[in-house]
Amino acid sequence: MIRRIMRAVQSQFRSLIVVIGLVVIASTITPIVALSKTVSVTAEQILSHYWRSTYDILVRPPGSHSLVEEEYRLVEANHLSGIWGGISISQYEAIRSIPEVEVAAPVAMLGYITLYADMEPIGQLNTRGAYALRTTRIVDDGARILHQVSSVTLYYVGTDAPSLNPGASPSEVFKGECSFNFNPPLPVRSIFYIPLLMAGIDPEQEAALVGLDRAIIKGAYLSATEQPVVREEEHPVLGHRFVNIEAPALVNATPYISATFRSELIRFDIPPEQLSWEAIEKGGCAQYLQAFPTTTLAVQVMDTQALYQRMAENSMRHPLGLEQAMGSPGVSLLTEVPGRIDYRVTKSPLSYDGPVLEIVPYGEQWAPEGERAYRPRSESGSHKLRTSVSLRVRGIFDIGTIPQPADVSRVPLETYTPPVSILRYDESGNPVEPRPLRPTFNIGGYIQPPPFILIPLDAAQLIAGDDCISAIRVRVSGIDALTPQAQRKIEAVASEIHRRTGLDVDIMVGSSPRRILVHVPGIGYVEEQWVQKNVTLSYHRRIQSGHLLLIAALLVTGGLFAADMAWADLLARQPVLALQKALGWRSATLMGHVLRRALLVGAGAGIGGTALAAGALALARQPLPSLPWLVGVPLLVTALSLLGSLYPALQAAQVPPIPLLRMAGLRHRPGRERVRGRSGGVLLSARYALRGVVRRWSRSLLAGMTATLSAGLLVLLVGVVTDRAGYLSGTPLGEYILVQVGGLSL
């Protein structure tokens, strides 16, 4: 009687174990599927939102791709600087004629022109004596403070000053060993000569691409009806004739260079008996003056914000140009232009994950004081020496009013913002406080400032020729969302642009900045933000594949686990099944009874486990799975229970009842096996275990597969999470996704 009760309890306990196992499967599948799907959906929403960048396609002259760009599928952060033309107007028109092209905005980098910015008068020189006006630029490039002496102008006031040439101005500068201004009648003021970058744009296309027309803070936008005026004039200094192009222009109100301009007016304290022009000239001028103490009469200080604002506002009233040097109001020659930075892959003493580059410097022979040139000097064409520009400024724009792209999907807009470069390590590789680097007045410097002057493309063509365009930013029409069809359409337009023009084409849609460590000689190790192409589509595929792989592995492991539990339960119930078959039950009836029992157990466990998991998710304030999954998980668990019971039920129904009944009556009889010592007991146990594995090889194989896949599922889960984190950590877009879904993916 007791034995029967124990058997009944064991049978009920085994059935309970099956139910608990199925409940665990259901309650495990539901949250994992819910969280994995939430991660996938959240990531897809982020990718769809940031998929579209400011422009879809970047077009550059042939051969613009550097070796580093091609090897790592990148676009250089400062790619536009150093490209002075290379795309013709006819090629630009060919791109615009493609039906799918919505916007094609060209940029023609023309080079630097030197303009002057004057300060308020610093003083009136009415008293006899020798004076000097020192002007100094104090430039902060983010890594260093550079004190650069701009000029020292000497003045002599006295009745013994040399007589001037007939018709000459009283403030004429005498060249030679003694360079003085004599008896200046006007108040003395400081003038700073500043190299400023000029570029040509198509006003209509630029307005459509970035909304430049809405960024005008003073004056008006460039008019499509105003044409440049061409005049041939005689150069008053160089002596040859040149072409002067009078063009409308916009100027930038944003100072990209952090600098302070300082002017100091001093008087040389020379005793009256030693103060004469004859004594100064005989003493070697500057050498003579250095022997006397000085008195500071006045000091003026102005930062770039104030100086640029003054220069921009003055340009609205007067033609913008280098009028003192040219002798013609508002006229300026284009200076020489620098080339591109030469990057090369190098080994770094730092443990940095990713490529490390190095800039090849070009010395200091043409750099301002304390700086060096990182770009080769481009030879100026004859048009740059014989073509001058007279600018009629029509408006001032502020880049702060232009909508800025998100940092996670930013593509280079060097027309308005300098590239992001952050100093991370010094020259020895020691970490420093991260500091953003800024452009300077160095034309051959590491970072080039955006253009200060923008003129229409037709004026740029007159200045630099038909192939004046440096790059074209293209936006494709009819693109609304991240879809394979949209990606194929953009790729087709890019292929058509290359086919028609032969230009280099980069697909920028779906890009994100990628941090690249660059060794800048003389500064240290700098983190630049190049652009990694096509990361959005790559992330989308990687996240989706990880989601599907995780679900598939979970279902396979759950199915084998359910089959293993069902098989164990049926093996324990084989004597009952044998008795039922001996009493006349048919094999089909017996299988139907077993499967109906599995159906009821699976359905109940699936519903209970799903409800339990949904309640736990609700209490934890985690998102619930969608309705199809809430309905599908109980059905899935029921199906797993049926499939797991099918093969064991078939095996039990086909075995003859007599052997099963005899096996049910077997008893262990002591003494049948001789156990010799402890080692004999171990060998006997191993022999029994081996016999059990061999006799029930299919059951043992199933149990082994279940254990293996259970361990594999854990490894896969950790691997998917680790793979996502590692793959997404290379760009700001991927890191933003990790931040948004980080709590869900753990």
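Quick notes on this structure:
- Number of the exception - VAL556 against (1) of a type outside the set (D, E, K, R); (2) open to solvent by less than 20 Å² (accessible area, probe 1.4 Å); (3) modelled with pLDDT under 85: (2)
- For region 234-256, filtering for residues that are modelled with pLDDT under 85 and open to solvent by less than 20 Å² (accessible area, probe 1.4 Å) leaves 4.
- Scanning region 142-154 for residues that are farther than 18 Å from GLN305 by Cβ and open to solvent by less than 20 Å² (accessible area, probe 1.4 Å) turns up LEU146, GLN148.
- Filter pass, PRO450 being open to solvent by less than 30 Å² (accessible area, probe 1.4 Å) and either without any contact (Cβ under 8 Å) to a residue 24 or more places away in the chain or not in a loop (DSSP other than H, G, I, E, B) (or both): no
- When region 153-187 is limited to residues that are polar (S, T, N, Q) and either part of a loop (DSSP other than H, G, I, E, B) or farther than 16 Å from LEU125 by Cα (or both), the one that is modelled with the highest pLDDT turns out to be THR159.
- Answer from VAL474, VAL509 - the residue that is closer than 17 Å to GLN205 by Cβ, touching a residue at least 24 places away in the same chain (Cβ under 8 Å) and either out of contact with any His (no Cβ under 8 Å at 6 or more places or on another chain) or in a loop (DSSP other than H, G, I, E, B) (or both): VAL474
- Residue satisfying all of: in region 345-365; among the charged types (D, E, K, R) and open to solvent by 70 Å² or more (accessible area, probe 1.4 Å); modelled with the highest pLDDT among these: LYS347
- Residue that is farthest from HIS147 (Cα to Cα) [pool: residues in region 257-271 that are open to solvent by 30 Å² or more (accessible area, probe 1.4 Å) and not polar (S, T, N, Q)]: PRO271
- Check on ASP303, modelled with pLDDT of 80 or more, closer than 30 Å to ARG134 by Cα and of a type in the set (D, E, K, R): yes
- Evaluation of VAL139 against (1) farther than 30 Å from LYS533 by Cβ; (2) touching a residue at least 40 places away in the same chain (Cβ under 8 Å); (3) open to solvent by 10 Å² or more (accessible area, probe 1.4 Å) (one fails), failing number: (3)
- Filter pass, ASP458 being over 15 Å from LEU58 (Cα atoms) and assigned to a helix (DSSP H, G or I): yes
- Looking across GLU369, GLU323, GLU379, one residue alone is modelled with pLDDT under 75, surrounded by fewer than 19 Cβ atoms within 10 Å (Cβ to Cβ) and more than 36 Å from the chain's Cα centre (by Cα). It is GLU323.
- Top-ranked residue of region 191-227 - restricted to ones that are assigned to a strand (DSSP E or B) and of a type in the set (Gly, Ala, Ser), ranked as most open to solvent (accessible area, probe 1.4 Å): GLY219
- Hey, GLY63 at pLDDT below 85 and open to solvent by 10 Å² or more (accessible area, probe 1.4 Å) or not: no
Residues are listed down the side, and each one gets a yes or a no for (1) crowded, with 22+ Cβ neighbours inside 10 Å; (2) of a type outside the set (Gly, Ala, Ser):
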| site | (1), (2) |
| --- | --- |
| ASP458 | no, yes |
| GLN461 | no, yes |
| GLY465 | no, no |
| CYS468 | yes, yes |
| VAL474 | yes, yes |
| THR483 | no, yes |
| LYS489 | no, yes |
| ALA494 | no, no |
| ARG500 | no, yes |
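- Residue within region 326-344 that is at pLDDT below 75, surrounded by 15 or more Cβ atoms within 10 Å (Cβ to Cβ) and part of a helix (DSSP H, G or I) present: yes
- Top-ranked residue of region 516-532 - restricted to ones that are open to solvent by 10 Å² or more (accessible area, probe 1.4 Å) and closer than 30 Å to GLN485 by Cα, ranked as modelled with the highest pLDDT: GLN529
The values are calculated or read from the model by the stated rules, or taken from the named source; none is laboratory data. Every value quoted in this text rests on a predicted model; they were computed, and no experiment measured them. Every residue, glycine as well, gets a Cβ built from its backbone with ideal geometry; the counts of neighbours run over all protein chains shown. What goes into the accessible areas is simple: the full protein's heavy atoms, side chains included, and nothing from ligands, DNA or RNA. Shrake-Rupley method; radii C 1.70, N 1.55, O 1.52, S 1.80 Å.
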